[in-house]
1. Restrict the search to region 1-79; then list the chymotrypsin sites (Phe, Trp or Tyr not before Pro) that DSSP places in a loop and that have at most 16 other Cβ atoms within 10 Å of their Cβ.
2. Lys/Arg Cβ at +1, Asp/Glu Cβ at -1, dipole of region 182-243 taken about the Cα centre: which of 183, 206, 231 is farthest positive-ward?
3. Name the residue from 58, 30, 113 whose Cα lies farthest towards the positive end of the charge dipole of region 5-128, charges +1 on Cβ of Lys and Arg and -1 on Cβ of Asp and Glu.
4. Treating only the Cβ atoms of Lys and Arg (+1) and Asp and Glu (-1) as charged, compute the dipole magnitude of region 135-244 about its Cα centre; round to the nearest 20 debye.
5. Suppose every Lys and Arg Cβ carries +1 and every Asp and Glu Cβ carries -1, with no other charges. What dipole size does region 5-128 come out with about its Cα centre, to the nearest 20 debye?
6. For the chain, please report how many Lys pairs fall under 19 Å Cα to Cα, leaving out neighbours fewer than 8 apart on the same chain.
7. The list (1) -0.47, -0.79; (2) -0.52, -0.89; (3) -0.69, -0.85 gives values of log10 I(q)/I(0) by the Debye sum over Cα atoms at q = 0.10, 0.13 Å⁻¹, and only one came from this structure; which label was calculated from it?
8. Only four residue types carry charge here, +1 at the Cβ of Lys and Arg and -1 at the Cβ of Asp and Glu. Report the dipole size of the chain about the Cα centre in Debye, rounded to the nearest 20.
Amino acid sequence: MLTTLTIVHVTEGRGRFRSEPSGVQDMPRNSVLFVFPNIHHAYLPDINTGWDDQWVEIDASHALPLLRKWGISEEYPLKKFDSTSKLSRLFQELFEISYIEDFSMEPELATCAYRILAHVIQLWNSSQANTERQRSVERMRQCLLNNLSNFKSVAELSEMAGMSPSRMRVIFKEATGMTPKQFQLEARISRAERLLTDSLLPIGIIAEQTGFDSVYHFSRQFKRMRQIAPQNFRNTRRSSRDQT
């Protein structure tokens, strides 16, 4: 068991980590592990790939309150990131300073160690924020797809996502390339395409089933977005199918 907090960064290869609070967890490339003090643990590189790692020990009395504040715990001490290039550079800077045999460098070493800690916390919470944004966007997408005939207002969607309307618009457009209204309209037109192709329903019924208030409105939107009228689209699809 360790009395300090250790940060382990796997730069290449992979391995596994085990402790009683966390159980067994894989440690792939670009993963970061916090080894908490006074916790029985073991970690081992994979026998086939091995691993390259970087690590640093930090005074637990100063670091643990920060980890608790940001929700990093013994139960969830490890996370994989898409990229850790800046973290690698910070560790390299630490190692270069450590090679200098001069006691006056101790404060700078400590500063480097805490810069590593701060960057890992930033990565950790940025990753969590991205995951939450993805979940929020997916909830909004499903809500819009399940209610094609009843458009949810921006206020309703933002309340469901737990964020402001302006923030919700930005996040949704970043994820889908469209505003919520554009996304739902595209979903309506895509569903109309399937009904025109695969069913014999009259165009008026298709307009109703895809949430348009009139055949005229449906036909105008369909032609604007697909550059062809609904009936001509149906005729073209049927002609293509008959030829195959």
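1. 70
2. 231
3. Value: 30.
4. For region 135-244, the charge dipole is close to 260 debye.
5. I would put it at about 600 debye.
6. Step by step, the pairs that qualify in the chain add up to 5.
7. So the structure-derived entry is (3).
8. Value, rounded to 20: 2260 debye.
All of the numbers you see were taken from the coordinates with simple rules; none came from a lab. All figures in this text were calculated on a predicted structure; none of them were measured in a lab. Backbone-built Cβ (ideal geometry, glycine too); neighbour counts: all protein chains shown.
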